[in-house]
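S.K.: What follows is a structure written as structure tokens; I'll ask about it next.
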Amino acid sequence: MFLKNASNGDLAEVVNLSELSDPNASSVTVRYHAGEEAGDPMEAAKSGLVFPSGEALPKCWLDPHYRTSF
């Protein structure tokens, strides 16, 4: 799955999707795509990532207490 870095617009391929959907994980392993080759895997904060359309990530992926905070 590809996401976008909200600050600079670079595309980031998520290496492990289970990290992305885990609300207890504050970061996810990604490979940035800026050129012909994918970059080396690195950690990126979930709070700085959005969908390529610009839409924010679902709250249930970011907040472990999303059901109790209204």
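The values are calculated or read from the model by the stated rules, or taken from the named source; none is laboratory data. Remember, predicted model here, so these are calculated numbers, not experimental data. So basically every Cβ, Gly included, is an ideal-geometry build from the backbone, and we count neighbours across all protein chains shown. Ligands, DNA and RNA are excluded from the accessible area calculation, which covers all protein heavy atoms including side chains. Shrake-Rupley method; radii C 1.70, N 1.55, O 1.52, S 1.80 Å.
S.K.: Listed residues Ala34, Ala38; which is touching a Lys or Arg at 6+ places or on another chain (Cβ under 9 Å) and more than 24 Å from Tyr66 (Cα to Cα)?
M.R.: On the way: Ala34 fails: touching a Lys or Arg at 6+ places or on another chain (Cβ under 9 Å).
So the residue among Ala34, Ala38 that is touching a Lys or Arg at 6+ places or on another chain (Cβ under 9 Å) and more than 24 Å from Tyr66 (Cα to Cα) is Ala38.
S.K.: Select from the range 1-35 the residues that are over 23 Å from Asp63 (Cβ atoms), in contact with a strand residue (DSSP E or B) (Cβ under 7 Å, 6 or more places away or on another chain) and not charged (D, E, K, R) and list them in ascending order. Full working, then the answer.
M.R.: Just the residues of the range 1-35 that are over 23 Å from Asp63 (Cβ atoms), to begin with: 8-11, 13, 31-35.
Of the ones still in play, those that are also in contact with a strand residue (DSSP E or B) (Cβ under 7 Å, 6 or more places away or on another chain) are 10-11, 13, 31-33.
Residues satisfying the conditions are Leu11, Tyr32, His33.
S.K.: List pairs: first residue in the range 41-59 and open to solvent by less than 70 Å² (accessible area, probe 1.4 Å), second residue small (Gly, Ala, Ser) and in a strand (DSSP E or B) anywhere in the structure, Cβ distance under 8 angstrom, at least six positions apart or on different chains.
M.R.: From residues that are open to solvent by less than 70 Å² (accessible area, probe 1.4 Å), the pairs are Ala44/Ala12; Ala44/Ser27; Ala45/Ser27; Lys46/Ser27; Leu49/Ala12; Val50/Ala56.
S.K.: Among the residues that make up the range 26-34, is at least one of them in a strand (DSSP E or B) and open to solvent by 70 Å² or more (accessible area, probe 1.4 Å)? Show your work before the answer.
M.R.: Step one: list which residues in the range 26-34 are in a strand (DSSP E or B), which gives 27-33.
Then drop every residue that is not open to solvent by 70 Å² or more (accessible area, probe 1.4 Å), which leaves 31.
Among the residues of the range 26-34, at least one is in a strand (DSSP E or B) and open to solvent by 70 Å² or more (accessible area, probe 1.4 Å), which makes the answer yes.
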